[in-house]
Structures are given as structure tokens and as C-alpha cells.
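Reading through the C-alpha cells given below for one structure.
The values are calculated or read from the model by the stated rules, or taken from the named source; none is laboratory data. This is a predicted model, so every value here is computed, not measured. Because the Cβ atoms are built from the backbone with ideal geometry, glycine has one as well, and the counts that use them run over all protein chains shown. Just the protein is used for accessible areas: all its heavy atoms, side chains included, with ligands, DNA and RNA removed. Shrake-Rupley method; radii C 1.70, N 1.55, O 1.52, S 1.80 Å.
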Amino acid sequence: MNAVILNITITPDEYQRMYMGAAREVVATSVDGRRIRFPAMILRPWVTHNGIRGRFRIVFDENNRFQKIEKIDGGR
């Protein structure tokens, strides 16, 4: 399986726009420089009143399909 590490900071307003359907995907740059596109809904477990902030590991299968996301730590 493939995995990427991302530092993610999304403000409450930005996430609300995603939640309302204005944006369904997040595009981010991994710590190794790869641009990654993934569904915004996979971040829901980590939404707080402050938005989303932390370091995450996203795991994909051999066909680059999402398998799981794990929060590694709380900040950058």
C-alpha cells in the first residue's frame, strides 16, 4: 500500500464551504512534495470548532484508492 503524510490546516470557514458542497475535494502537498487530491469527507472525524489542524497519514491501495486516514499528531 502507498501512504502519504500531509500537514493540514483548514479553517472553520473553509471546511464549512466544503461541507456545504462548494468543494468536495481537498488538494494538498505531501511532506515529500507530491500533490494529493482526496475527498474532504474523510477529514470529518477531526473537525473541531477551530477547523482541522494536524499531521495525517493517508493510505491508498495499489490502485490509488483511499483505504484509511490516521492522525499522526496535533500540529505542524
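Things to note:
- In sequence order, segment 40-51 has phi-based couplings of 4, 4, 5, 8, 3, x, 10, 6, 10, 5, 9, x Hz under the Karplus curve 6.51 cos²θ - 1.76 cosθ + 1.60, θ = phi - 60°, and Gly or Pro positions carry x.
- Residues Ala23 and Asn50, FRET efficiency given R0 of 22 Å [Cβ-Cβ distance, rounded to 0.05]: 0.70
- Amide H to amide H, with H built 1.01 Å from N, Ala23 comes under 5 Å of Met18, counting only residues 5 or more places away or on other chains.
- The Rg/Rh ratio for the chain, using Cα coordinates for both the radius of gyration and the Kirkwood hydrodynamic radius, is 0.94.
- Under the Karplus curve 6.51 cos²θ - 1.76 cosθ + 1.60, θ = phi - 60°, whole-Hz ³J(HN,Hα) for segment 28-38, x wherever Gly or Pro sits: 9, 9, 6, 5, 9, x, 7, 8, 10, 10, 8
- Length-normalised contact order of the chain in % [C-alpha pairs under 8 Å, at least 6 apart]: 38
- Modelled spin-label separation between Val59 and Glu14, with each label point placed 7 Å from Cα along the Cα-to-Cβ direction: 2.6 nm.
- A helix-only calculation puts the chain at -3000 deg cm²/dmol for mean residue ellipticity at 222 nm, using -39500 (n - 2.57) for each DSSP H run of at least four residues, averaged over all residues.
- Note: relative contact order over segment 1-44, using C-alpha pairs below 8 Å and six or more positions apart, is 35 percent.
- Expressed as a whole percent, the accessible surface of the chain that belongs to carbon and sulfur atoms is 45, based on a 1.4 Å probe.
- Magnitude of the charge dipole, the chain, Cβ model with Lys/Arg +1 and Asp/Glu -1, debye to 20: 40
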